[in-house]
Amino acid sequence: MADMADLAKTTSLCEAEGAEVLPLRVDVSSEEDTLAMARQTHERYGRIDGLLNNAGITPWPGLEAKSVMDVDMDMWNRVFAVNTRGTFLGIRTVYSYMREQGSGTIVNVSSGSTQRISRAPDAINAQSVASKSAITGITRAVARELP
């Protein structure tokens, strides 16, 4: 389990249900962090059978829905770093382990917002919709390339 947030409570809940958990503090937009995550997971379990790419920036100061003309470019870059770069790095990081062991599954989570259009100005969040749309593109490209 990897997140930027404190995972103590979630770890306790999972362990109370009998799950074994390796909680790791990871910034998915950091190649160094994702490499360390995969290495530590492989060292602990001897293999990596799956990856769920589900990172995203949820309510965050500056991420409120805004007109396209009002989007802060630093926030745009941060959303793309987490949502899109994070997904790509996750795939690239675990795939070498999966290829070596001959199996594995990667699931990338996007968003239904990429399929909906709203004319309400307060419903526009261009950076989130664009970054989640890019996840669909990454998934298609990787599915063609990787066995």
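Taken together, the values in this text are just the output of simple stated rules run on the coordinates, not laboratory data. Small disclaimer: the values here were computed from a predicted structure and weren't measured. Here the Cβ is made from the backbone with ideal geometry for all residues, glycine too, and neighbour counts use every protein chain on show.
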Using alpha carbon centroids, what distance separates region 2-35 and region 68-112, in Å? 17
So for the pair Val68, Arg140, with labels modelled 7 Å out along Cα→Cβ, what separation do we get in nm? 2.0
Distance in nm between label sites at Val21 and Lys9, each 7 Å beyond Cα in the beta-carbon direction? 1.1
Radius of gyration and Dmax for region 1-55's Cα atoms, expressed in Å? 11.4, 32
